Structures are given as structure tokens and as C-alpha cells.
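A.B. asks: First the structure, which I've put down as C-alpha cells, then a few questions once you've had a look.
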């Protein structure tokens, strides 16, 4: 397990988000990204989670009173599978992009086909 402070991990998430093309980043309205130390108890090895309504499921945009979409990135499970700082940065990047893809309605099967496991 690689050790990395929460602040450095959050910077890695911010750096991954900075790589999202502007055209796509603008479509992340009403979406927040939250770093949590641990994944839910029922899936402790989960690296990230998208909780929201994908753009492909929304009707004409945001509805009044709609809660924000949330992308969770889980720090400890990520650190557990990484041996180096570069491993962490790569895994954070992949996880952030994977969860953003869910926001755009791309499911795990299609992500797997595209090589984004």
C-alpha cells in the first residue's frame, strides 16, 4: 500500500479533472466530485462511484430541485492497490475518467470494450 496524504490525493483528483476537455467539463453542471477515504462497506475495494442521473437519462437538462450528481473517488482502496506515486496518479486519472464516462451514460461494459476498466 502506497502512502499519500489526503491533500496530495485530492491534488491528483484535481489534476485529472483539469485534463477533461472544456467541451465535456461544461457538461458536468450540477455534478460534484468528492474524495472519501473509504468506499462503502458493501464494496470496500471500490475506487470510484457515480451517483446521479446520466445525461442520457435526463429530460431536457436539470430539473428544478434535482440533487447534484456526485462522483466519489475513494482514497484508501486506491492506495491499497498502488505501489508508487505514479501508480496512484494513473489510477486516479483512470477512475476519474471512468466515473465521468458514467455521467455521459457510458456503462461498464462499454468502458471495458474501450479499455477503460
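A.B. asks: Rg over Rh of the range 70-117, using C-alpha atoms and the Kirkwood radius, what does it come to?
C.D. replies: Values: Rg = 11.3 Å, Rh = 11.3 Å.
Expressed as Rg/Rh, it is 1.00.
A.B. asks: Something else about it: So what is the calculated 222 nm ellipticity per residue for the chain, using -39500 (n - 2.57) for each DSSP H run with n of 4 or more, over all residues, to the nearest 500 deg cm²/dmol? Could you put the intermediate results ahead of the total?
C.D. replies: Numbers: 5 runs with 48 residues, N = 117.
Theoretical 222 nm ellipticity from helices: -12000 deg cm²/dmol.
A.B. asks: Using alpha-carbon pairs under 8 Å, 6+ residues apart, how would you state the relative contact order of the chain in percent? Let's see the in-between values first.
C.D. replies: Numbers: 141 pairs, mean separation 40.7, N = 117.
Relative CO of the chain lands at 35 percent.
A.B. asks: Would you mind checking the tilt of helix 85-103 against the longest principal axis of the Cα atoms of the chain, expressed as 0 to 90 degrees and rounded to 10?
C.D. replies: 20
A.B. asks: Along the Cα→Cβ direction, 7 angstrom out, place labels at residue 23 and residue 109. What is the inter-label distance in nm?
C.D. replies: 2.7
A.B. asks: Still on this model: Against the longest alpha carbon principal axis of the chain, how many degrees, from 0 to 90 and to the nearest 10, is the axis of helix 6-18 turned?
C.D. replies: So the inclination is approximately 40 degrees.
Readers should treat all values here as calculations from the given coordinates under stated rules, not as data from a laboratory. Since we're looking at a predicted model, the values are computed, not measured. All Cβ positions, glycine included, derive from the backbone under ideal geometry; neighbour counts span all protein chains shown.
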